[in-house]
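Visitor: Starting off with a structure, shown below.
Only the coordinates and a few stated rules stand behind these numbers; no lab work does. Please read all numbers here as calculations on a predicted model, not as lab measurements. Positions of Cβ are backbone-derived with ideal geometry, glycine not excepted, and every protein chain shown enters the neighbour counts.
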Amino acid sequence: MRYLGYFVTSPKNEYPEGEIKSTQMVVYDYPIVGAMTIVKDKTTGVEHRIFVDAYTLEKVEDKPATETEPGIWSIYEQRLKNGIDNNLRHWQKSDELAKSIEQAAVNKGVSINAAVTEENIKKLSADITKSRTDVEVDLGATVYAQITS
C-alpha cells in the first residue's frame, strides 16, 4: 500500500541516521487521524515524533499538550485503566464459561473437535433447563416510544 511506505520513508528522509522505534495511529485534531513515528537519533540519543496525516499523507506539525489544548494524543494511550481491567474480567468470565462447556461435553462423551451432530446435541442438551431467553440492558439514554393499536 502506497501510504504505509510513506509513513516509513518520511521519517527516514528527515532523520537518515535515526532508528525507527515505533509507529502508532493517533488523533491529532479530533476526529482527524494520522500516524506518529518515533525516531531516535543514533548520534544524540534524542527521540523525535513525526506525524503524517492518514488521508493526505502530508506531514503534520507536532503539537504537545498544554493546559488548554489536548495536543496530539495516541488512541492507545487514551484507554482507561479501569476499562482495560473491566474488559479483562469479561474476557476471563467468557473463557471460564467456554471451558466449562468444553468440560461438560467431554464428561458426556462428546468430542468438541468432531462435527456437530443431532445425537451430540441431544447428549448435551438432555439436562439443560431453559429459564429465560430475553435480556434487558439499560443504555442510560432516554427513549421515547409510541404504541399504536
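Visitor: Would you mind ranking 36, 25 so that the residue whose beta carbon has the fewest other beta carbons within 10 Å leads the list?
Guide: So the ranking, lowest neighbour count to highest, is 25, 36.
Visitor: Which cross-chain or sequence-distant (5 or more) residues have an amide H under 5 Å from the amide H of residue 19, H modelled 1.01 Å from N in plane?
Guide: When sequence neighbours closer than 5 places are left aside, the close amide H contacts are 40, 41, 42.
Visitor: Taking θ = phi - 60°, what integer Hz values does the Karplus form 6.51 cos²θ - 1.76 cosθ + 1.60 yield along segment 53-70, in sequence order, with x for Gly and Pro?
Guide: Taking θ as phi minus 60°, the curve returns 5, 5, 8, 8, 6, 8, 5, 10, 5, 6, 10, x, 5, 10, 5, 9, 10, x Hz for segment 53-70.
Visitor: Among the listed pairs 12/59; 12/63; 12/42, give every one whose C-alpha distance is greater than 18 Å.
Guide: Over 18 Å apart, Cα to Cα: 12/63.
Visitor: Along Cα→Cβ, 7 Å out, is where each label goes; now give me the distance between the ones at residue 38 and residue 54 in nm to one decimal.
Guide: Label-label distance for residue 38 and residue 54, simple model: 2.0 nm.
Visitor: What FRET efficiency comes out for the pair residue 84/residue 29, r = Cβ-Cβ distance, R0 = 25 Å, nearest 0.05?
Guide: It comes to 0.45.
Visitor: Could you work out how much longer the chain between residue 97 and residue 123 gets when fully extended? Use 0.36 nm per residue separation minus the Cα distance between them, nm to one decimal.
Guide: Full extension from residue 97 to residue 123 adds 7.5 nm.
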